[in-house]
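Some notes on the structure that comes next.
Rule-based calculations on the coordinates, nothing more; no lab input. As the structure is a computational prediction, the values presented were derived from the model and not from experiment. Cβ: placed from backbone, ideal geometry, glycine included. Neighbour counts: every protein chain shown.
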Amino acid sequence: MSAPPSRNSVFRGVVALDGPSGTGKSTVARELARRLDAQYLDTGAMYRAVTVAVLRAGVDSDDAPAVAALVGGIEVLVSTDPARPSTRLDGRPVDEEIRSPETTRAVSAVSAVAAVREHLVAQQRSIIGRGATVAEGRDIGSVVWPDAELKVYLTASEAVRARRRAGELGGTDLNTVAAELRRRDDFDSSRAVSPLRRPDGATEVDTSALSIDEVVDLLENLARQSVSVASNG
Ligand code: DC
């Protein structure tokens, strides 16, 4: 038996956090990164920034060749400080625009384009390669960083996810939010390239009945255990 992980032990690994929207992924990933003194990587923000560029250029998000042609000419930069997440497109902050309803509607189509994924996955690997990271997305444990010390797949019931999303958006009808969530999840799970799925070896955590703090406590323990097991074994 290995000793219980110490809260003070230094975490040097990678946590891959995947799952659909509304599972609390972003809030959990950020707080976990803060506790582990790790980088926080929001890969969804990167796909959203490319989507902003597509919309600004007046390109149809369903026109895959046109989207692919655009991605090489733009620069997406994300801050990995969990206290101050920010996303820049061609040098300018786009933190609000990446969360707009227009961006959210178009992002699934843009993120299904193979050239977009290749471009962003290369960038994500280079960021994660710099050191301890909590990375969140849809394909972190399956494609971006399959050797992560800890892989987690967050889920929650559809009703709970819709309620959480509606709370974030404020004032949007619950049925509309639920329909939009379902559309995006179906699209993200059925696309040909890197579909959303539970990665091999991932621990599934159903967050429906858990608070954010309870989820973070659980993952912090798993993360610290994973490195002590890795370094003992
Ligand atoms: O996590 P989010 O809602 O900000 O993600 C926005 C979209 O980006 C989501 O609908 C699917 C896509 N995405 C992806 O395909 N792969 C990732 N690693 C992260 C997000």
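Details
- Net charge dipole size for the chain [Lys, Arg +1 and Asp, Glu -1 on Cβ; Debye, nearest 20]: 280
- Bins of 5 Å from zero: percent of alpha-carbon pairs in the range 145-233: 3, 12, 16, 19, 18, 15, 10, 5, 2, 1, 0
- Loop sites in the range 59-121: GluC sites (Glu not before Pro), DSSP, at most 13 other Cβ within 10 Å: Glu75, Glu96
- Summarising the strand pairing of the chain, around 25 percent of its internal DSSP beta bridges are antiparallel.
- Share of alpha-carbon pairs per 10 Å distance bin for the range 72-184, given as whole %: 11, 35, 39, 14, 0
- Between the range 183-198 and the range 5-74, the alpha-carbon center distance in angstrom: 16
- Across the chain, the fraction of Cα-Cα pairs farther apart than 33 Å, rounded to a whole number, is 14%.
- Compared with the dominant Cα axis of the chain, that is its longest principal axis, helix 43-56 is turned about 10°.
- Rounded to 10°, Cα long-axis angle of helix 25-36 versus longest principal axis of the chain: 40
- Take 143-155, 166-178 and order them by the average number of nearby Cβ atoms within 10 Å per residue, most first; the result is 143-155, 166-178.
- A cut-off under 13 angstrom between Cβ atoms defines the neighbours of Ala109, and their net charge, with Lys, Arg +1 and Asp, Glu -1, is 0.
- Peptide packing for 31-42, 190-201, 123-134 was compared via the average number of neighbouring C-beta atoms within 10 Å per residue; ordered from the highest value, the list is 31-42, 123-134, 190-201.
- Think of it as helices only: each DSSP H run of n ≥ 4 in the chain is worth -39500 (n - 2.57), and spread over all residues that comes to -15000 deg cm²/dmol at 222 nm.
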